[in-house]
Amino acid sequence: MSTLQAFFKGQYIPQSEAKIGILTHAFNYGTGVFEGIRAYWNDEEQQLYVFKLKEHYERLRNSCHILSIELRYSVPELCDITTELLRRSEVRSDIYIRPIAYKSGEVIGVRLHDIEDDFTVTCVRIGKYIGAEVARCKISSWRRMDDASAPVRAKITGIYVNSALAKTEVVMDGYDEAILLNADGHVSEGSGENLFIVRNGVLSTPAVSDNVLEGITRDFVMQLAREELGIKVDERTIDRSELFVADECFMTGTAAEITPIGEVDRRRIGAGQVGPITARLRTAFAGAVRGNDPRYAAACSPVWPK
Ligand code: PMP
């Protein structure tokens, strides 16, 4: 297996050699913004497709803008850097890509201004993010960070303390994944996933003003539901107790893909199995991300020359 590379301080080097100093601002204060991107290997075409590459870097740019991080590369340049990284790493299998733009200055002082910024990206081999086929979830006692306290639509490293607290709390209690309520007590999202319910044939997900991360999988799943399944989709406030009476419930995320939820707070959701709409969405999703559906070809960036 080839050595995975990192793009670090403007150069491609082996990942194991990419190190930051202990005074790095982002390490001390959580002042970084990141992305998680998946690339899928298509064996028939002998091609690696990066899913929604441009969209991830557009969100990274927005995160940088929110956190006053100067990103010296344009979105097309970031896409090219990532493609080159995967080629140099000789990736011919599914892979997860982790870009971070961060306050790289080695200085003490809590602030965002007058600190050097840098960008790095590397890749790792990961499998399924949530091990269970149908997840058992619990509402965490930790509330989702409020946008009035820190900007939740930016994917900020420091904000992930909130997710980590929630995840560990419920995993230690024997569940697979946490669901966080927002400050006003409505459903927000999972520790690293957006959340959907199906009720009476309508697909619903919390609105972007409910302190969710504006998920790229969330957007794509809404598109698939409308275009492939022809069902109504709405973005609205969802109550905790509405989860219990939903016909189906699932989570979406780059890492989690589409993960069905069979149980919330020890209450079975629907039949406690993969629901019919969830199953159809998963099939459509699995075909599209691997480059097997020509209608969604624009979402899949090929890495290897055709
Ligand atoms: N919410 C949170 C808190 C996340 O970390 C993620 C993963 N990036 C998501 C939602 C899902 O976003 P996406 O579909 O863009 O991966």
Nearest-10 value in Å² for the accessible area of MET172, using the 1.4 Å probe: 150
Relative contact order computed over the chain (Cα-Cα under 8 Å; 6+ residues apart), in percent: 19
Listed residues ALA246, ALA288, GLY215: farthest to the positive end of the dipole of the chain (Cβ charges): ALA288
Rounded FRET efficiency, nearest 0.05, which uses the C-beta distance separating ASP146 from ARG267 and R0 of 30 Å: 0.65
Using alpha-carbon coordinates, inclination of helix 75-88 to the longest axis of the chain, degrees: 80
Length gained when the stretch GLU70-ARG98 is fully extended (0.36 nm per residue, less Cα-Cα span): 8.3 nm
Neighbour cut-off at most 12 other Cβ (10 Å), DSSP loop, trypsin sites (Lys or Arg not before Pro), the range 1-104: LYS9, LYS19, ARG72
GluC sites (Glu not before Pro) within the range 204-278: DSSP coil, no more than 15 neighbouring Cβ in 10 Å: GLU214
Extension gain (nm, one decimal) between LYS232 and VAL107, 0.36 nm per residue minus Cα-Cα: 39.9 nm
For LEU71, solvent-accessible area (1.4 Å; no DNA, RNA or ligand), Å²: 20
q = 0.15, 0.20 Å⁻¹, the range 135-289: log10 I(q)/I(0) [Debye, one scatterer per Cα]: -0.71, -1.30
Dipole of the chain, positive direction: furthest Cα of ASN194, ALA148, THR24, with charges on the beta-carbon: ASN194
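Using the Cα centre of the chain as the reference point, and only Cβ charges (+1 on K/R, -1 on D/E), how large is the resulting charge dipole? Debye, rounded to the nearest 20.
Here the size comes out at about 280 debye.
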Crossing angle, helix 160-172 versus the chain [Cα axis fit, 0-90 degrees, rounded to tens]: 50
Rounded percent of accessible protein surface that carbon and sulfur make up, the range 98-198, 1.4 Å probe: 56
In the range 38-137, the GluC sites (Glu not before Pro) that fall in loop regions by DSSP, at most 14 other Cβ within 10 Å: GLU44, GLU45, GLU70, GLU90, GLU116, GLU133
P(r) tail fraction, the chain - alpha-carbon pairs more than 35 Å apart, %: 20
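The values are calculated or read from the model by the stated rules, or taken from the named source; none is laboratory data. Everything quoted here is computed from the prediction, not taken from an experiment. Neighbour counts are summed over all protein chains in view; Cβ atoms, including those assigned to glycine, are modelled from backbone coordinates with ideal geometry. Accessible surface is based on the protein model in full, side chains and every heavy atom, while ligands, DNA and RNA are left aside. Shrake-Rupley method; radii C 1.70, N 1.55, O 1.52, S 1.80 Å.
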